[in-house]
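J.: Have a look at this one before I ask anything.
The values are calculated or read from the model by the stated rules, or taken from the named source; none is laboratory data. As the structure is a prediction and not an experimental result, all values here were calculated from the model. FYI the Cβ positions are ideal-geometry reconstructions off the backbone, even for glycines, and counts take in every protein chain you see. Note: areas computed on protein heavy atoms with side chains; ligands, DNA, RNA excluded. Shrake-Rupley method; radii C 1.70, N 1.55, O 1.52, S 1.80 Å.
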Amino acid sequence: MVRTVFHVDLDAFFVAVERTLDPSLNGVPVVVGGEPGGRGVVACASYEARKYGLHAGMPLAQAYRLCPHARYIPGRFDHYIAVSTRFLGILGEYTPFMQSMGLDEAYLDMTGFESLYGPLEGIAGVMKRRVREELRVTASVGIATSRVVAKVASDACKPDGLLRVAQGEEAAFLAPRPIRELPGIGEKTEPLLKGHGYTTIGDLARTPPIILRRILGSWGDVVWRSSQGLDDTAVAAAGDPKSVSRVTTFREDTLDPALIRGTLRYLGERVCAELRSHDMTARAAVLHLRWHDFTTITRHRTFPGEVSSDEAVYRAVEEMLSRELQVEAQRKRRKVRLIGVGVEGLAKDNGQLALLGDAPDERLAKAVDAIRGKYGFVAVQKGLTLHLNEAVPEERGKFVLRTRSPSR
Ligand code: DCP
Ligand code: CA
């Protein structure tokens, strides 16, 4: 199904709010971020100030050298938050499918809403007008068949713009634009890709994905798909988590591999069950480990695709755990005090998993979820967690671990 996604983003947000409070700031270069002599960085530069090369993140001292006549103001967060709340409130009146990204931007899934509102450029215009009249700041709106193209479109039409990229035009729209405009290409990736001769998004789109994988690892696949305008990430609903984790402290510090692995498996199963209950997938697994002396480590592993199966997550965290235990065996041989499993890089599961190699695992997991929903979590157990039956008390169909996880 072809989707319609809006990306709505306020223009020079902090400066725009400051201008509603002090009209003498209109039309002149303005920098929010502190006194020019201060050691901070630019949080927001007005478009007039950007002409002098100023941008967010630049040290204030450098900004002052480039543009000494700008007005420098420290900023008032309480006002920005108040405007942000009202901004997101206005957008939320038009669709329940909204995902806010920070204070001043949001994705809206407007698929099928023509039947309600007529042509969608019209309703985007209404949103823009309400933001201008009620909040006295301006918004830019990109409309496209995916999040990634909608985001590039809203950036491309700033300030106070509205740009729709028609279905089928995505790759042609992106091709001439500089790689930096593609979401996911930031301060580190841009110079890396430039070093390999990539200047425009079209340069990336013409490259076989395997080459980008060699430069960027598994992230290369995402970049390659984005460069074609391909992105099936759904707009997450309010209440969907950004990460899920389960952590527990052992009753006694331990080096028993069966207990450690069984617990790891159990925590991973609970994490994945929650992930699937939101119809979401993960891009990375996280291992948390605390030694007897309270030293704590966190290890991350990125998956080549999006996963939600117990197997995939367990394989990743088990490998990370084995490596840590191996290293420790040759050093201090400390016992393990706490372990935890997490998943990150969550996205809505759009049914594409069926196309990937992991699909049988994912289907099995869904069936197990259904049985557990009916008979309790321990109604289905793997060999690895059977060991916990003696070690850990069970209550109402779940193992009772010593500490509850932070995400519960
Ligand atoms: N911000 C910040 N520090 C940064 C980047 C941003 O404090 N390094 C704050 C100030 C911005 C707000 O977040 O006003 C929104 O960030 P955007 O990246 O959306 O930038 P602007 O809204 O300022 O400008 P644009 O018109 O390009 O969206
Ligand atoms: Ca903005």
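J.: Scanning segment 100-123 for residues that are of a type in the set (A, V, I, L, M) and away from ligand 2 (no atom under 12 Å from the Cβ), which turns out surrounded by the most Cβ atoms within 10 Å (Cβ to Cβ)?
T.: Looking at the filtered set, the residue picked out is Leu108.
J.: From the list Leu103, Leu54, Leu66, Leu88, which one is at pLDDT below 90 and closer than 24 Å to Arg19 by Cβ?
T.: The conditions single out Leu103.
J.: Taking the condition closer than 27 Å to Met1 by Cβ, open to solvent by 30 Å² or more (accessible area, probe 1.4 Å) and within 14 Å of ligand 1 (Cβ to nearest atom), does Lys158 pass? Reasoning before the result, please.
T.: Details: closer than 27 Å to Met1 by Cβ: no; open to solvent by 30 Å² or more (accessible area, probe 1.4 Å): yes; within 14 Å of ligand 1 (Cβ to nearest atom): yes.
No.
J.: For residues in segment 1-46 being among the acidic types (Asp, Glu) and within 8 Å of ligand 1 (Cβ to nearest atom), which is surrounded by the most Cβ atoms within 10 Å (Cβ to Cβ)?
T.: At the first step, the residues of segment 1-46 found to be among the acidic types (Asp, Glu) are 9, 11, 18, 22, 35.
The next check asks that each one be within 8 Å of ligand 1 (Cβ to nearest atom); those that pass are 9, 11.
Numbers: Asp9: 23, Asp11: 18.
Selected residue: Asp9.
J.: So, in segment 69-85, exactly how many residues are among the basic types (Lys, Arg), modelled with pLDDT of 95 or more and part of a loop (DSSP other than H, G, I, E, B)?
T.: Residues meeting the conditions: 0.
J.: Additional query: Give just the number: which of (1) farther than 19 Å from Asp232 by Cα; (2) touching a helix residue (DSSP H, G or I) at 6+ places or on another chain (Cβ under 7 Å) does Cys157 not satisfy?
T.: The number of the failed condition is (2).
J.: Okay, next question. Tell me yes or no: at least one residue of segment 122-129 is part of a helix (DSSP H, G or I), β-branched (Val, Ile, Thr) and within 24 Å of Ala49 (Cβ to Cβ). If you could, list the steps in order and put the result at the bottom.
T.: The first filter runs over segment 122-129 and keeps only residues part of a helix (DSSP H, G or I), leaving 122-129.
Of the ones still in play, those that are also β-branched (Val, Ile, Thr) are 123, 126.
Retained after the next criterion (residues that are within 24 Å of Ala49 (Cβ to Cβ)): none.
No.
J.: Right, here's the next one. In segment 47-60, what residues are assigned to a helix (DSSP H, G or I) and either within 15 Å of ligand 2 (Cβ to nearest atom) or surrounded by 24 or more Cβ atoms within 10 Å (Cβ to Cβ) (or both)?
T.: Correct list: Tyr47, Ala49, Arg50.
J.: Right, another one. Residue by residue through segment 302-343, note down the ones that are closer than 19 Å to Asp279 by Cβ, of a type in the set (A, V, I, L, M, F, W, C) and open to solvent by 40 Å² or more (accessible area, probe 1.4 Å).
T.: none
Matching residues to (1) touching a residue at least 12 places away in the same chain (Cβ under 8 Å); (2) over 26 Å from the mean Cα position of the chain (by Cα):
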residue: Glu18; (1), (2): yes, yes
residue: Pro23; (1), (2): no, yes
residue: Arg39; (1), (2): yes, yes
residue: Ala49; (1), (2): yes, yes
residue: Ala56; (1), (2): yes, no
residue: Tyr64; (1), (2): yes, yes
residue: Tyr72; (1), (2): yes, yes
residue: Arg76; (1), (2): yes, yes
residue: Phe87; (1), (2): yes, no
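J.: Any chance you could count how many residues in segment 243-274 are in contact with a strand residue (DSSP E or B) (Cβ under 7 Å, 6 or more places away or on another chain), of a type outside the set (S, T, N, Q) and part of a helix (DSSP H, G or I)?
T.: Residues flagged as in contact with a strand residue (DSSP E or B) (Cβ under 7 Å, 6 or more places away or on another chain), of a type outside the set (S, T, N, Q) and part of a helix (DSSP H, G or I) within segment 243-274 amount to 8.
J.: Between residues in segment 89-112 that are charged (D, E, K, R) and residues that are open to solvent by 30 Å² or more (accessible area, probe 1.4 Å) and away from ligand 1 (no atom under 16 Å from the Cβ), which pairs lie under 8 Å by C-beta distance while being six or more apart or on different chains?
T.: Taking only residues 6 or more apart or on different chains, the pairs are Asp109/Arg3; Asp109/Phe97; Asp109/Met98.
J.: Out of curiosity, is Thr95 over 17 Å from Asp160 (Cα atoms), open to solvent by less than 10 Å² (accessible area, probe 1.4 Å), modelled with pLDDT under 95 and away from ligand 1 (no atom under 12 Å from the Cβ)? Lay out the reasoning, then the answer.
T.: Values: over 17 Å from Asp160 (Cα atoms): yes; open to solvent by less than 10 Å² (accessible area, probe 1.4 Å): yes; modelled with pLDDT under 95: yes; away from ligand 1 (no atom under 12 Å from the Cβ): yes.
Judged against the criteria, Thr95 is a match.
J.: Identify the residue in segment 215-255 that is surrounded by fewer than 16 Cβ atoms within 10 Å (Cβ to Cβ) and modelled with pLDDT of 90 or more and, among all such residues, is farthest from Trp291 (Cα to Cα).
T.: Ranking the candidates gives Arg251 first.
J.: Quick check: anything in segment 80-98 in contact with a strand residue (DSSP E or B) (Cβ under 7 Å, 6 or more places away or on another chain) and among the charged types (D, E, K, R)?
T.: no
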